[in-house]
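Below is one structure, written out as structure tokens, with a few remarks after it.
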């Protein structure tokens, strides 16, 4: 029986043991070894964000409401620290972090309120 079928290690479903079915039902890792669990079992956890989108959004919104004063105080403290550094550190208005002056975009001597990584992620 084991020669004709391959059994998934998680769901215990049986799959036909030939190259075509192994490639479709299981797949191979980067070393060319067959996965022990089937494609269905490996993809079950990948849809967590999509399935729980509203719950996660509500959780983040509730966290913001509960901790708004603390978050705003921390941001103000970072801004004051950046101002006290005499231009060596600047505050990024997008990622809310203090970043060295070298990592800010300065075309024509003008500084934007965002660092390189934030502008790259926005404008690509």
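The values are calculated or read from the model by the stated rules, or taken from the named source; none is laboratory data. Values in this document were obtained by computation on a predicted structure and should not be read as measured data. Neighbour counts run over all protein chains shown; Cβ positions are idealised from the backbone, glycine included.
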Quiz item: Is it the case that residue 72 is at pLDDT below 85 and out of contact with any helix residue (DSSP H, G or I) (no Cβ under 6 Å at 6 or more places or on another chain)?
Solution: no
Quiz item: Has the stretch 3-10 got any residue that is at pLDDT below 85 and part of a loop (DSSP other than H, G, I, E, B)?
Solution: yes
Quiz item: Taking only pairs six or more apart or across chains, which ones have beta-carbon atoms under 9 Å, a first residue in the stretch 25-46 that is outside the structural domain of residue 13 (by TED's automatic domain parsing) and without any contact (Cβ under 8 Å) to a residue 24 or more places away in the chain, and a second residue that is assigned to a helix (DSSP H, G or I) and surrounded by 10 or more Cβ atoms within 10 Å (Cβ to Cβ)?
Solution: none
